[in-house]
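**Student:** Sharing a structure below in structure tokens format, with a few things to ask.
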């Protein structure tokens, strides 16, 4: 069992989720139960799956949860792309979020590859 709190990518994805919560506060009220809820849910899913996967006994199981976290990150990227096309006034916030997300995607994938690498 690994300690997920020691994984830099987990810490970064927690920060990303916090940022998503802050940014989505500025979206229109009619999106509260739609896009806002979806973005928040999927942002939380990234660190949650990293944490859950770290508790698994085998590297293959951990890698499966990292794949789920990666899938959630791509889902979030899709929502960010959509929202940024609607609201140009927040484009800088979305650009920074996208940069942060791309870094997390690379790190999740690198971690997945490293734990599956034959020793």
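**Student:** If only one of 106, 18 is modelled with pLDDT of 95 or more, exposed (fewer than 14 other Cβ atoms within 10 Å of the Cβ), under 30 Å from residue 118 (Cα atoms) and out of contact with any helix residue (DSSP H, G or I) (no Cβ under 6 Å at 6 or more places or on another chain), which one is it?
**Tutor:** It is 106.
**Student:** Within segment 25-37, which residues are surrounded by fewer than 17 Cβ atoms within 10 Å (Cβ to Cβ), assigned to a helix (DSSP H, G or I) and at pLDDT 85 or above?
**Tutor:** If the condition is that a residue be surrounded by fewer than 17 Cβ atoms within 10 Å (Cβ to Cβ), assigned to a helix (DSSP H, G or I) and at pLDDT 85 or above, then 37 is the only one that fits.
**Student:** Same structure, new question: Determine if segment 76-84 includes at least one residue that is farther than 22 Å from residue 8 by Cβ, out of contact with any helix residue (DSSP H, G or I) (no Cβ under 7 Å at 6 or more places or on another chain), modelled with pLDDT of 95 or more and assigned to a helix (DSSP H, G or I).
**Tutor:** Yes, that holds for at least one residue.
**Student:** Only one of 50, 46 is within 12 Å of residue 76 (Cα to Cα), in contact with a helix residue (DSSP H, G or I) (Cβ under 8 Å, 6 or more places away or on another chain) and not in a loop (DSSP other than H, G, I, E, B); which?
**Tutor:** Result of the check over 50, 46: 46.
The values are calculated or read from the model by the stated rules, or taken from the named source; none is laboratory data. Keep in mind the model is a prediction, meaning the values are calculated, not measured. So basically every Cβ, Gly included, is an ideal-geometry build from the backbone, and we count neighbours across all protein chains shown.
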